[in-house]
Amino acid sequence: MRKLFYILCLILFLGPLSCASVSHQSMPEEGSAGLALVKQKCAVCHGLPHPKRHTAHEWDHLLVLMTERMKEKQIPYTSDEMQQIQSYLHRNAR
Ligand code: HEC
């Protein structure tokens, strides 16, 4: 019984930590247009992704994937917005 309790605690504790949401962490360039756009566009389906989660190279792949996800949900996303988000993530990448 005790063991089960520990496992349950682990799941409850690690679950939210392992997902993309890291909104409690402070974001780089607070107050910038780039971050404002990331907050507006990238926290619709999941938590705000922290730029340090990935290298610039990884971000390029992920952004292609996320563009697909947005198309599926018909969320407006212009190429100008995409470039701004990409450059923000690159500047602050791991
Ligand atoms: C339409 C919904 C949607 C929007 C908007 C969206 N995402 Fe995602 N995101 C997903 C889904 C769904 C996943 C889970 C992986 C998958 O199925 O592609 C995900 C996963 C992620 C991950 C997790 C990958 C990892 O393990 O680190 C990151 C980071 C991420 N998204 C970044 C972004 C960024 C940056 C933007 C803004 C440009 C964005 N997302 C906008 C739906 C979305």
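The values are calculated or read from the model by the stated rules, or taken from the named source; none is laboratory data. These numbers were taken from a predicted model, which means no experiment stands behind them. Glycine also receives a Cβ, built like all others from the backbone with ideal geometry; neighbour counts cover every protein chain displayed.
Key figures for this structure:
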| quantity | calculated |
| --- | --- |
| Failed item, numbered, when E29 is tested on (1) more than 12 Å from the ligand (Cβ to nearest atom); (2) at pLDDT below 95 | (2) |
| Search result, residues across the stretch 75-94 that are closer than 11 Å to D60 by Cβ, part of a helix (DSSP H, G or I) and touching a Pro at 6+ places or on another chain (Cβ under 8 Å) | L89 |
| Subset tally (residues that are surrounded by 14 or more Cβ atoms within 10 Å (Cβ to Cβ), among the aliphatic types (A, V, I, L, M) and more than 8 Å from the ligand (Cβ to nearest atom)) for the stretch 32-45 | 3 |
| Residue selected from the stretch 46-80 under the condition within 22 Å of S26 (Cα to Cα) and touching a helix residue (DSSP H, G or I) at 6+ places or on another chain (Cβ under 7 Å), by the criterion farthest from the ligand (Cβ to nearest atom) | A56 |
